[in-house]
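The values are calculated or read from the model by the stated rules, or taken from the named source; none is laboratory data. What you see is a predicted model; the values in this text were computed from it and never measured. Note that each Cβ is placed from the backbone with ideal geometry, even for glycine, and that neighbours are counted across all protein chains shown.
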């Protein structure tokens, strides 16, 4: 298995992530990273099952729902619709509709936290593109290190390292 730095470089990670990886093994990097958006990004680049990615992004986005004003249900509905999609209970068109509604909620948000949370929900629902945006938006909504670590832990719970390890092996086998 190549070094984390080599893997990230080959995948096209940002310079900050590559520098952070340094000499960490892939296992150590996965277990110690505090940025859920980075974890979801690499999982996506390694072609982890899209449904797992969406579930992890939705779980991260849920942590930001507390910033949504009372009575504004569109972000929650977008998350729930995306989660239903992962169970085969919603169509991609239903997800897109909920996503657009959550984006509208973000535009109408009165506070930055509410806007970030609404965008997190919308992006979690948008399964046709990268689920990492949901985690990024939720991450941005939470400034505390504890909240950031919580979201990274959520990602690791849904996508454990053994899944990443296999994906790295598969990726290296194709390269």
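Within the option set 81, 91, being modelled with pLDDT of 80 or more and exposed (fewer than 15 other Cβ atoms within 10 Å of the Cβ) holds for one residue only, 91. Does at least one position in the stretch 46-58 carry a residue that is more than 30 Å from residue 3 (Cβ to Cβ) and in contact (Cβ under 8 Å) with a residue 24 or more places away in the chain? Yes, some residue in the stretch 46-58 is more than 30 Å from residue 3 (Cβ to Cβ) and in contact (Cβ under 8 Å) with a residue 24 or more places away in the chain. Note on the stretch 51-71: among residues that are modelled with pLDDT under 80 and buried (at least 24 other Cβ atoms within 10 Å of the Cβ), the one that is farthest from residue 39 (Cα to Cα) is 68. The condition of being modelled with pLDDT of 90 or more, surrounded by fewer than 14 Cβ atoms within 10 Å (Cβ to Cβ) and either under 17 Å from the mean Cα position of the chain (by Cα) or in a helix (DSSP H, G or I) (or both) holds for only one of 10, 27, 34, that being 10. Take the conditions (1) farther than 23 Å from residue 153 by Cβ; (2) at pLDDT 80 or above; residue 48 misses just one of them, which is (1). Residue 98 falls short of the stated requirement of being at pLDDT below 80 and either surrounded by fewer than 20 Cβ atoms within 10 Å (Cβ to Cβ) or within 18 Å of the chain's Cα centre (by Cα) (or both). Number of residues in the stretch 129-175 that are at pLDDT below 55, closer than 18 Å to residue 50 by Cβ and part of a helix (DSSP H, G or I) equals 5. Just the residues that are without any contact (Cβ under 8 Å) to a residue 60 or more places away in the chain, part of a helix (DSSP H, G or I) and in contact with a helix residue (DSSP H, G or I) (Cβ under 7 Å, 6 or more places away or on another chain), please, taken from the stretch 65-88. 65, 74, 75, 76, 77, 78, 79, 81, 82, 83, 85, 86, listed by residue number. Of the numbered criteria (1) more than 27 Å from residue 89 (Cα to Cα); (2) surrounded by fewer than 18 Cβ atoms within 10 Å (Cβ to Cβ), the one residue 17 fails is (2).
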